[in-house]
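The values are calculated or read from the model by the stated rules, or taken from the named source; none is laboratory data. Everything quoted here is computed from the prediction, not taken from an experiment. Neighbour counts are summed over all protein chains in view; Cβ atoms, including those assigned to glycine, are modelled from backbone coordinates with ideal geometry.
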Amino acid sequence: MSSANAADVAAAAKILIEAKSPVIVAGQGVLYAEASDELVELAELLQAPVTTPLEGKSAFPEDHPLALGTGAGVMPHPVHTFLHKADVIFAVGASLTKHSIVAAPIPAGKTIIHATNDERDINKHYATDYPILGDAKPSLRQFIEAVKDALGSNQRKLNGVAAEIKQNREAWISEWMPKLTSNEKPINPYRVMWEFMNLFDPKDVIVTHDAGSPRNQIVPFYRAPTPRSYLGWGKSHALGTGLGLIMGAKLAAPNKFCVNFMGDAAFGMTGLDFETAVRNNIPTLTIVLNNNFMAAETHSMHASHQRYGTMNILGNYSEIAKSLGGWSERIEDPAQIVPALQRARKATDDGKAALLEFVTSKEINYSRMRD
């Protein structure tokens, strides 16, 4: 791995130390470089909040007091709040690509420090004030040492940022509790995700999702505690990709509970690949959120749906999974979400590929779509 220019790092570190409200944006490069420990150390030194784009989700432990969550096309409220109040943005291992789905936009008027190992990223979409070329792990170590040298004996103490993040997060979660704990029928998909998040220890789980509604609904709320405990993707609409990803995750980490959230449209694209998991004894859990509708496209397919019913989708996917040799159940009552999840976990522990189909509402409200 290549280190960065020491003088460039020293100049940028000085700006970080002098910043009143710095924010770190940690991208997928931190995961590739296995640099999460260095990232945590630097964030704590600076007492700087950290966010990630979608593909960097889990690069920073999202249960850490300085974690803002994932800033993508959807995001937790703390991401939006702290990006807007930031005076300095330190992006590391991130391309800073402007994209409507995978990255929260950086508001105008920020001083940007951009550390990347690809010179093509520099000034690509955002004007960079302090470009840093180098791999994430050695570059972060250089920043840590530069910050320590500059601070000397005046090491930063807790400065109230963590408390502010916690307060902001709790207020945001409170706004969403009616959906997260809804007893409505058909089941609200947020209720499924809320029960899942609170039932299992996320340190024992690897989660991914498909594009569209499942991505938009789970990304802001799920807190990934360790690197690669969440496989963030979905900048394209290659529906069904998550099913293959979670099989790969299970092969790579056989002791983890590997779970993929997908919609009925995604199952329609690649659902028969569930048979691959059955045939090869890959005990993953597929959660299908079936609203018989392409809800994420409600606004963009209005005319075609009105004329041809293009958003309507029909199917009983638990029966398909059963016919393919897997364990499956179909759930329509919100009171049965937790028991069904527990049974599905046991099925995977017993070595079976499992599928849970939840009959859900046509939910199209998401947490703070990008500005």
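Residue check: Pro283 meets all listed conditions (1) touching a helix residue (DSSP H, G or I) at 6+ places or on another chain (Cβ under 6 Å); (2) surrounded by fewer than 24 Cβ atoms within 10 Å (Cβ to Cβ); (3) outside any loop (DSSP other than H, G, I, E, B); (4) at pLDDT 95 or above but one, namely (3). When segment 68-102 is filtered for residues that are under 11 Å from the mean Cα position of the chain (by Cα) and either under 25 Å from Arg141 (Cα atoms) or of a type in the set (D, E, K, R) (or both), the ones remaining, listed by number, are Gly69, Thr70, Gly71.
Kindly indicate which of Lys250, Lys256 is touching a strand residue (DSSP E or B) at 6+ places or on another chain (Cβ under 6 Å) and crowded, with 20+ Cβ neighbours inside 10 Å. Going through Lys250, Lys256 in turn, just one is touching a strand residue (DSSP E or B) at 6+ places or on another chain (Cβ under 6 Å) and crowded, with 20+ Cβ neighbours inside 10 Å: Lys250. Taken over segment 1-20, the residue count meeting the criterion of being outside any loop (DSSP other than H, G, I, E, B) and of a type outside the set (A, V, I, L, M) is 3. In segment 1-23, the residues that are under 14 Å from Gln47 (Cα atoms) reach residues that are in a loop (DSSP other than H, G, I, E, B) with C-beta atoms within less than 6 angstrom, at least six apart or across chains, in these pairs: Ala19/Asp87; Lys20/Asp87; Ser21/Ala86; Ser21/Asp87; Pro22/Ala48; Val23/Pro49; Val23/Ala86.
Within segment 129-138, is there a residue that is small (Gly, Ala, Ser) and loosely packed, with under 12 Cβ neighbours inside 10 Å? If you could, list the steps in order and put the result at the bottom.
We begin by selecting, within segment 129-138, every residue small (Gly, Ala, Ser); these are 134, 136.
Subsequent filtering for residues that are loosely packed, with under 12 Cβ neighbours inside 10 Å retains none.
No: zero hits.
Which of the residues belonging to segment 21-55 are more than 17 Å from Lys98 (Cα to Cα), acidic (Asp, Glu), touching a helix residue (DSSP H, G or I) at 6+ places or on another chain (Cβ under 7 Å) and in a helix (DSSP H, G or I)?
Just the residues of segment 21-55 that are more than 17 Å from Lys98 (Cα to Cα), to begin with: 21-23, 30-50.
From the residues that got through so far, the ones that are acidic (Asp, Glu) too are 34, 37-38, 41, 44.
Keeping just the survivors that are touching a helix residue (DSSP H, G or I) at 6+ places or on another chain (Cβ under 7 Å) gives 34, 38, 41.
Glu38, Glu41, listed by residue number.
Which one of these does Lys322 not meet: (1) surrounded by fewer than 20 Cβ atoms within 10 Å (Cβ to Cβ); (2) within 21 Å of Asn198 (Cα to Cα)? For Lys322, the failing item is (2). Taken across segment 36-53, residues that are more than 19 Å from Ile112 (Cβ to Cβ), in the same structural domain as Arg141 (by TED's automatic domain parsing), surrounded by 23 or more Cβ atoms within 10 Å (Cβ to Cβ) and modelled with pLDDT of 95 or more do not occur at all.
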